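A quick write-up on the structure given underneath.
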Amino acid sequence: MRTYKKDNLKKLFVTIGLLILVNIIGHFWFHRFDLTKDKRYTLSPVSLDIIEQVKEPLYVDVFLEGQFPGEFKRLQTETRQLLEEFKAYNTEIEFRFINPVDDSEGMEEQKRQLIYDLFKLNGVIKSEKEEKEIKQSIAGVTDLNKAIQDTFLGNGMLPINVTLEDKGKQTQEVVFPWAIATYKNRTVKIPLLKNLMGASTQNKVESSVQHMEYAFANAFNIVTNQKEKKVAVIKGNGEMHDLLMADFIKQVREQYYIGTFTLDSVANQPAESAAALKKYDLAIIAKPKEKFSDAEKQVLDQFVINGGKTLWLMDAVNIEMDSLYNENGATLAYPNDVNLNDMFFKYGFRIEPELIKDEQATPIKLATGQEGSGTQYTQYFWKYAPLIYPSEKDANPIVKNLDGIKFDFANPIDVLQNDIKKTVLLKSSPFSKPIGTPVEVKLNMVSEEATKADYANSKGGFPVALLLEGKFSSVFKNRVKAFDDRSFKDEGVNNKMIVISDGDVIRNQLDKNYQPLELGYDKWVGAMYGNKEFAMNCVNYLLDDNGLISIRSKNVSLAALDKTKVYDNYTQSQIITIGVPLIILLVFGLLFTFLRKRKYSR
C-alpha cells in the first residue's frame, strides 16, 4: 500500500511539474493553433501590427444581440470569435455584445451611455460645453428606444428587419448589424453586414465574414492612429460641386486630412503652386469640364513624378442625365476634351470619347400614363447606366467581393503598352458596346428590345476602372516646359494611380431639402449600390502604406445547412443529433459499469 501511495505522489508531482513547465513556456512563447482549412481565425501580420499599437483600453460595442435567425446567429458567432482572437493578442481590446432595444431591468444607464457614444460618432460633440449640454439632454430622454434608433439613423447605421421562422411560424425582429470602436476620444462605426443587392441572407453573411477582419482592423487603425495623409480635391477646371460629392468627402475626412486645392493660382505663381501641391499625398480630379492649361498640366505631372498618388474620375463625353428631362426627352452627347490626352497617353491609357451601352444596366423611373390621368411611374433599365460587378476570378483586393457599382454614361478605357503595370479593376458586361459621339440620346430608348445580333460585332468587357503602378515618365520630357521649375524631373519614383472613366461614380443624390444622401443610394428606385465602398477602397489602396487592404484577399468558406432538407427530415435530424448521442452515452455507461463490477468483484 505504501509503494502504491508513493507511486501516486510521484505521478502527482510530475504532473504538477509538467503543468508549471508548460505555463512557463506559454508565458515566453505565445501561439494559437488554427485548425480551420481556410485559416479564418489566423490574423494577418498587418492586423497584428495594428493592434500592437493599442496601449490603452480599446472598447468595441457590438449590437448583434438578441433573437436572430440562423444566418445572423452565424454572423454573431463569427464576430465574437474574431474579437476573441484580437483580445488574445492584446488584452487592452475589450468588447461586449449589446441589444440596443433591450427593455430588461438595469439597461437604462447603458442605453444612455450608448446614445452618448453615438453622438460622439456623429461628430456633434466638439467642446466641453456641448458635451455637458448633450449629457443633460440625454438624461431627460424618456423614450430611450426611439432615441437610440434616431441616433443610429442619424449616423447612417440603418437597422434591418429579419423574419424568424420556426416550422411555419414567422415573427419579425429588428437587427442592428453594426459595431462601434472607441479609443481615447475617437469613435468609429463598423459595418458588420454587407448590403449585396439581390443576394440571399446567407450570401450576405458569407461575404461579410470574409471581410470582417478588414473591417475591424481598418477601424482599429483609424481610432488608434492620428491622421497623417493629406488629400487634395483639385478645383479650377469645372470639377464636380462639393455638395454632389459631400458623402464621399465626409468619408475620406474620417481617415485623412482633406482640402480644396485650386489651380487658378498656377497662372500667376506656377512654381509655387507646384511646390504647394507636392505637400499632399493624393490628388482627386473629379469630372473636370474645362481645359487644363499646359502650366496646370505640368503642375499635376510633377506631382505624379514626385510620388503623389492620383485618382482620376474623368468624363470623356459631355452629357448629364438631368438634360434628358425636357419636352423632347432627348439631348446631344458630345466629346469632352479637357486637354489631358497627351498626359494620359504617356502614362499608358486613353479614354475614348464614346458611351458604353450595356444590357446589364441600372433602372430609372419614368412617368407613364395618358395625359390628364394620375401620374404613374414605371421602372425601366437605362442602358447608358451600366451596373458593373467585379470579376470574381483573380479580383484585385480593391474590388474583391463588392456589390454592383452604378455608372452613368461611362466611357471605355483603352489600355496602352508601356513599362507601367496595369490592372483592370472593373469592366462592362459581355453584352455591351461603344456608341460613338456626337450622338443624340433619347429617353424612349428604354423601350428598345435587344437581341444577341445587336452585340455580334462587339467583344464587350470594356475597362472602366484601371489601376496603374510603376515609375511614370513626365509628359514634358524632351518638350518645352510651360514654366521654369528648378525641381523638374523627367522620371518618377514608384507610384500608383487609379483611373475611372465616369466622374459620377462618387456623386451622391440630394434629398428634397438639398442635403446629400449616402453615396450609392438611388432615391428614385430605392436601391443601394457599392459605389461608396469602391471609392473608399480606391483611396485606401492609394494611401495604404501598411498593406491593410491586402486583408480583403482573404477567402472564407462557410458551410450552411439546407433549410428545406432540415424541415423535410426534421424528426430524423432530431434522432441523429440528439437521440443517437444519448444512446451512445447510455451504452458506454452500461459497459463501463459492467467492466468495473467484473474487475473489482474478484
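Structure summary
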item: When residues of region 108-140 are limited to those that are among the aliphatic types (A, V, I, L, M) and surrounded by fewer than 16 Cβ atoms within 10 Å (Cβ to Cβ), the one farthest from the chain's Cα centre (by Cα); result: 139
item: Qualifying positions in region 403-445 - within 29 Å of residue 495 (Cα to Cα) and in a strand (DSSP E or B); result: 405, 406, 413, 414, 415, 421, 422, 423, 424, 425, 426, 427
item: Residue selected from region 67-93 under the condition among the aromatic types (Phe, Trp, Tyr) and in a helix (DSSP H, G or I), by the criterion modelled with the highest pLDDT; result: 86
item: Residue list for region 286-313, filter: of a type in the set (A, V, I, L, M, F, W, C) and open to solvent by less than 10 Å² (accessible area, probe 1.4 Å); result: 286, 292, 299, 300, 303, 304, 305, 311, 312, 313
item: Residue 396 being open to solvent by less than 50 Å² (accessible area, probe 1.4 Å), under 25 Å from the mean Cα position of the chain (by Cα) and at pLDDT below 95; result: yes
item: Subset of region 475-503 that is β-branched (Val, Ile, Thr) and touching a residue at least 12 places away in the same chain (Cβ under 8 Å) - its residue that is most open to solvent (accessible area, probe 1.4 Å); result: 493
item: Any hit, region 554-577, residues being surrounded by 11 or more Cβ atoms within 10 Å (Cβ to Cβ), at pLDDT 90 or above and of a type in the set (A, V, I, L, M); result: no
item: Selected residue (criterion: farthest from residue 537 (Cα to Cα)) from residues of region 461-474 that are of a type outside the set (D, E, K, R) and open to solvent by 10 Å² or more (accessible area, probe 1.4 Å); result: 473
item: Selected residue (only one of 188, 223, 209, 252 is outside any loop (DSSP other than H, G, I, E, B), under 30 Å from residue 80 (Cα atoms), in contact (Cβ under 8 Å) with a residue 12 or more places away in the chain and in contact with a Phe, Trp or Tyr (Cβ under 7 Å, 6 or more places away or on another chain)); result: 223
item: Cβ-Cβ under 9 Å pairs, at least 6 apart or on other chains, region 44-64 side without any contact (Cβ under 8 Å) to a residue 24 or more places away in the chain and closer than 14 Å to residue 214 by Cβ, far side surrounded by 13 or more Cβ atoms within 10 Å (Cβ to Cβ) and not aromatic (Phe, Trp, Tyr); result: 45/547
item: Filter pass, residue 403 being among the acidic types (Asp, Glu), surrounded by 14 or more Cβ atoms within 10 Å (Cβ to Cβ) and either closer than 16 Å to residue 529 by Cα or free of Cβ contacts under 8 Å to residues at least 60 places away in the same chain (or both); result: yes
item: From the options 512, 496, residue that is assigned to a loop (DSSP other than H, G, I, E, B) and of a type in the set (Lys, Arg); result: 512
item: Residues being closer than 21 Å to residue 481 by Cα and touching a strand residue (DSSP E or B) at 6+ places or on another chain (Cβ under 7 Å) - total across region 263-290; result: 2
item: Any hit, region 336-356, residues being open to solvent by 70 Å² or more (accessible area, probe 1.4 Å) and without any contact (Cβ under 8 Å) to a residue 60 or more places away in the chain; result: yes
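Okay, residues lined up against (1) in contact with a Lys or Arg (Cβ under 7 Å, 6 or more places away or on another chain); (2) open to solvent by 30 Å² or more (accessible area, probe 1.4 Å):
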{"site": "220", "(1), (2)": "no, no"}
{"site": "224", "(1), (2)": "no, no"}
{"site": "244", "(1), (2)": "yes, yes"}
{"site": "252", "(1), (2)": "no, no"}
{"site": "264", "(1), (2)": "no, yes"}
{"site": "275", "(1), (2)": "no, yes"}
{"site": "315", "(1), (2)": "yes, no"}
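Conditions tested, residue by residue: (1) out of contact with any strand residue (DSSP E or B) (no Cβ under 7 Å at 6 or more places or on another chain); (2) at pLDDT below 95.
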{"site": "297", "(1), (2)": "yes, no"}
{"site": "305", "(1), (2)": "no, no"}
{"site": "309", "(1), (2)": "no, no"}
{"site": "317", "(1), (2)": "no, no"}
{"site": "322", "(1), (2)": "yes, yes"}
{"site": "327", "(1), (2)": "yes, yes"}
{"site": "340", "(1), (2)": "yes, no"}
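The values are calculated or read from the model by the stated rules, or taken from the named source; none is laboratory data. The model shown is predicted, which means the values in this text are computed figures rather than measured ones. We place every Cβ from the backbone using ideal geometry, glycine too, and count neighbours over all the protein chains shown. Please note that ligands, DNA and RNA were not included when accessible areas were found on the heavy atoms of the full protein model with its side chains. Shrake-Rupley method; radii C 1.70, N 1.55, O 1.52, S 1.80 Å.
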